[in-house]
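As structure tokens, the structure follows; a few thoughts come after it.
The values are calculated or read from the model by the stated rules, or taken from the named source; none is laboratory data. Remember, it's a predicted structure, so these values are computed and weren't measured experimentally. With ideal geometry, Cβ positions are generated from the backbone for all residues, glycine too; neighbour counts draw on all protein chains shown.
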């Protein structure tokens, strides 16, 4: 089965990428993998407390994931998988793609602010020609109706 990889983060535009991935998966009888990445920098100076903080971060990710997963199940009949990795975002995304050969596309959300599309979109766009799969960048300001028509 082909799977669409989408990144779970705290951005407002993340919801559009999730919706697009669910729509594409539903229309192609595929699946969705929701990847969240924990930065090792967040906890490296805290010693033993860092382990507790990381556990709490993982729990927040699971709660956030459950919200999107419920919407995908009810709205699109898709039951997404959750992957949580720790490291630098670009490296962990590539590692996830290498480990799961069923991933056919990476879905990213672009920020709609004047600051640009966001660091992840900017960094991965520079290396998109060498990635092993296509990358779809979903505009953060795209409304649900237009998103559904495109997907």
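Of all residues in the stretch 47-85, those that are under 14 Å from the mean Cα position of the chain (by Cα), outside any helix (DSSP H, G or I) and surrounded by 15 or more Cβ atoms within 10 Å (Cβ to Cβ) total 5. Evaluating residue 147 against the criteria (1) at pLDDT 90 or above; (2) touching a strand residue (DSSP E or B) at 6+ places or on another chain (Cβ under 9 Å); (3) not in a strand (DSSP E or B) leaves one unmet condition, (1).
In the stretch 31-46, the residue that is surrounded by the most Cβ atoms within 10 Å (Cβ to Cβ) out of those that are over 22 Å from residue 108 (Cα atoms) and either modelled with pLDDT of 95 or more or in contact with a helix residue (DSSP H, G or I) (Cβ under 9 Å, 6 or more places away or on another chain) (or both) is 43. Restricting the stretch 101-132 to residues that are assigned to a loop (DSSP other than H, G, I, E, B) and within 15 Å of the chain's Cα centre (by Cα) leaves a set whose member that is modelled with the highest pLDDT is 111. Summed over the stretch 21-30, residues that are assigned to a helix (DSSP H, G or I) and either within 11 Å of the chain's Cα centre (by Cα) or surrounded by fewer than 24 Cβ atoms within 10 Å (Cβ to Cβ) (or both) total 6.
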